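A.B. asks: Below is a structure I'd like to ask you about.
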Amino acid sequence: MYIPNNIDLDPHSALVRQLTSYQVRFLQWWRLRGPSEFHDREMNLRMPTGGVKGSEWTRYHRMRPSDYRWGVFMMPPDRNTVVFGERKGQVAWTCVPEEYRDLLLDHVTVQGDVENAAVEQSHELTQMVPSAIDLEHLFQFFLEEGRHTWAMSHLLIEYFGSDGADAAEGLLQRMSGDAQNPRLLDAFNYHTEDWLSHFMWCFFADRVGKYQIQAVTQSAFLPLARTARFMMFEEPLHIKFGMDGLERVLYRSAEITLREDTHAIFDAGAIPLPVFQKYLNYWLPKIFDLFGHDISERSRVLYQAGIRSPRNFDKLEGTEVAVDVRCEDRLVSSTAPAELAINAVMRRQYIAEVGAIIGRWNQQLRRLGLAFELQLPHERFHRDFGPCKGLAFDLDGNPVHDADGQRLAALLPTPQDLAGVRGLMGRELGEGRTAAWLAPAGASLDKLMPA
């Protein structure tokens with residue numbers, strides 16, 4: 001079967017054979033772990049064209065998901081030197097340097113692993129899809145997460161020999177949430193079992209993906225940089241799916257709260273704003289964990305080698321960054337060289353970005369006259385990774401005594417909350433129709449404002 005590409009694969013017969021063989025096993029994974037229905041329903045879906053400029057890179061088609069073809073796409077080289085780190089100004093790499101082989105192999109493997117995991121953790125959402133356009137968005141998400149797996153698998157197979165081929169096979173063997181062979185990053189082992197979770201995942205977790213991909217767009221390893229630069233075309237739409245979905249939920253929740261003059265609106269067919277907040281409290285700590293340890297020698301080496309760098313990091317070189325350090329059963333405020341604290345730097349850039357959006361939502365809620373404010377949980381809250389693991393903090397990051405866990409439990413979705421949300425998740429695919437618990441596509445809080 002032909003593999004779409006813009007890198008002139010045809011002369012590389014051995015690589016084509018390997019990728020074609022991998023394609024067979026990838027399709028087996030897709031049929032087993034991907035969506036179980038709607039493969040033959042016509043949808044409006046985009047596919048890469050191979051172009052590399054502006055809107056030329058993709059084209060929308062009226063097509064069935066079963067007709068989508070995963071392929072290998074890269075941007076053309078934009079430089080031939082290393083642009084940051086200790087090797088700045090040296091010749092960039094078209095092959096993998098032996099001294100960084102294991103580091104790069106691990107990095108590419110993890111990036112590929114999260115792409116398939118994102119499909120597995122949300123594949124049951126077709127059963128409760130709220131509208132036909134949301135079904136199209138869901139399949140676009142599924143298909144492009146799979147394409148990103150192809151992007152990483154290509155790098156593994158072409159540049160890392162038998163170890164890379166084995167790593168590419170591992171992407172198909174691990175499974176989200178599996179007790180014996182789970183996905184590599186813990187957040188990807190939690191399933192998004194309703195559409196509020198899915199919207200939060202797309203908005204928050206795919207935004208982390210954007211940060212991680214952007215960090216290697218100027219990598220000294222040019223094949224990784226070229227691959228990441230093309231992936232940056234695709235990632236923003238997934239974030240937009242999430243943001244638009246959350247705004248549609250907030251629209252309906254605010255509308256019904258104002259009408260009923262109460263936050264107890266499950267019976268009125270909408271998600272209560274306090275439950276929306278609890279979902280934020282549940283998902284964001286797991287997503288914060290995706291940035292890794294605050295102090296990381298691995299991240300320092302990746303930066304010094306010229307492989308990975310946060311945006312605007314040149315402004316922080318040689319500075320100290322505030323970090324939390326674990327001291328037995330408490331945290332101590334400290335500092336670390338910025339190169340050691342790259343993960344913390346990236347997380348805080350991210351927090352500032354999403355915090356500004358939540359702040360805008362709060363402004364809109366206030367203008368509607370609603371006495372409710374959403375809160376971005378502090379990066380210390382409910383963490384399962386890093387120095388805060390196992391310690392209790394409130395949403396503001398202050399330590400609390402919570403021996404019985406009751407204070408924490410009150411901030412997270414209860415079984416009743418989860419049942420209430422899932423009770424709203426009926427499937428709606430009628431033409432021009434949308435499930436009642438969220439507003440139709442295109443709605444946002446600012447459109448609920450009185451004229």
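The values are calculated or read from the model by the stated rules, or taken from the named source; none is laboratory data. Keep in mind the model is a prediction, meaning the values are calculated, not measured. Using ideal geometry, Cβ is built from the backbone for each residue, glycine included, and neighbour counts are taken over all protein chains shown.
A.B. asks: From the list Gly355, Gly390, exactly one residue is of a type in the set (Gly, Ala, Ser) and modelled with pLDDT of 95 or more. Which is it?
C.D. replies: Only one candidate qualifies: Gly355.
A.B. asks: May I ask you to list the residues in the range 50-96 that are out of contact with any Phe, Trp or Tyr (no Cβ under 9 Å at 6 or more places or on another chain) and aromatic (Phe, Trp, Tyr)?
C.D. replies: Tyr60
A.B. asks: Which of the helices (runs of 4 or more DSSP H) found entirely inside the range 174-264 contain at least 1 residues meeting this: without any contact (Cβ under 8 Å) to a residue 40 or more places away in the chain?
C.D. replies: Output list reads 206-214, 222-260.
A.B. asks: So, one more: Just name the residue that is nearest to Leu143 (Cα to Cα) out of those in the range 16-66 that are in contact with a strand residue (DSSP E or B) (Cβ under 8 Å, 6 or more places away or on another chain) and of a type in the set (Lys, Arg).
C.D. replies: Looking at residues that are in contact with a strand residue (DSSP E or B) (Cβ under 8 Å, 6 or more places away or on another chain) and of a type in the set (Lys, Arg), I get Arg46.
A.B. asks: Return the total of residues in the range 387-407 being within 28 Å of the chain's Cα centre (by Cα) and small (Gly, Ala, Ser).
C.D. replies: 3
A.B. asks: Please work out if Ser66 is of a type in the set (S, T, N, Q), at pLDDT below 95 and either exposed (fewer than 12 other Cβ atoms within 10 Å of the Cβ) or assigned to a loop (DSSP other than H, G, I, E, B) (or both).
C.D. replies: It is false that Ser66 is of a type in the set (S, T, N, Q), at pLDDT below 95 and either exposed (fewer than 12 other Cβ atoms within 10 Å of the Cβ) or assigned to a loop (DSSP other than H, G, I, E, B) (or both).
A.B. asks: Report the residue count in the range 45-63 for those that are surrounded by fewer than 12 Cβ atoms within 10 Å (Cβ to Cβ) and assigned to a loop (DSSP other than H, G, I, E, B).
C.D. replies: Number satisfying all stated conditions: 1.
A.B. asks: Please specify each residue of the range 69-90 satisfying the condition of being crowded, with 19+ Cβ neighbours inside 10 Å and under 23 Å from the mean Cα position of the chain (by Cα).
C.D. replies: Passing the criteria: Trp70, Gly71, Val72, Phe73, Met74, Met75.
A.B. asks: Now a separate question. Can you name the residue in the range 109-135 that is aliphatic (A, V, I, L, M) and under 19 Å from the mean Cα position of the chain (by Cα) and is also surrounded by the fewest Cβ atoms within 10 Å (Cβ to Cβ) among such residues?
C.D. replies: Here the residue is Val110.
A.B. asks: Determine if the range 146-154 includes at least one residue that is in contact with an Asp or Glu (Cβ under 8 Å, 6 or more places away or on another chain) and within 26 Å of Gly430 (Cβ to Cβ).
C.D. replies: No: zero hits.
A.B. asks: Let me ask another. Within the range 397-415, is there a residue that is exposed (fewer than 15 other Cβ atoms within 10 Å of the Cβ), polar (S, T, N, Q) and closer than 24 Å to Phe188 by Cα?
C.D. replies: Looking for residues that are exposed (fewer than 15 other Cβ atoms within 10 Å of the Cβ), polar (S, T, N, Q) and closer than 24 Å to Phe188 by Cα, one finds at least one in the range 397-415, hence yes.
A.B. asks: So the check is Cβ under 9 Å with 6+ separation or different chains; which pairs have a first residue in the range 419-437 that's farther than 17 Å from Gly245 by Cα and a second one that's buried (at least 18 other Cβ atoms within 10 Å of the Cβ) and of a type in the set (Gly, Ala, Ser)?
C.D. replies: Gly430/Ser131; Gly430/Ala132; Glu431/Ala132
A.B. asks: Here's something else I'd like to know. Answer yes or no: is there a residue in the range 178-198 that is surrounded by 19 or more Cβ atoms within 10 Å (Cβ to Cβ), basic (Lys, Arg) and over 23 Å from Ala344 (Cβ atoms).
C.D. replies: yes
A.B. asks: Name, by its number, the condition in (1) within 21 Å of Tyr303 (Cα to Cα); (2) buried (at least 22 other Cβ atoms within 10 Å of the Cβ); (3) polar (S, T, N, Q); (4) out of contact with any strand residue (DSSP E or B) (no Cβ under 9 Å at 6 or more places or on another chain) that does not hold for Thr217.
C.D. replies: So the condition that Thr217 fails would be (2).
A.B. asks: Could you look through the range 307-343, keep only residues that are surrounded by fewer than 17 Cβ atoms within 10 Å (Cβ to Cβ) and in a loop (DSSP other than H, G, I, E, B), and pick out the one that is nearest to the chain's Cα centre (by Cα)?
C.D. replies: Arg311
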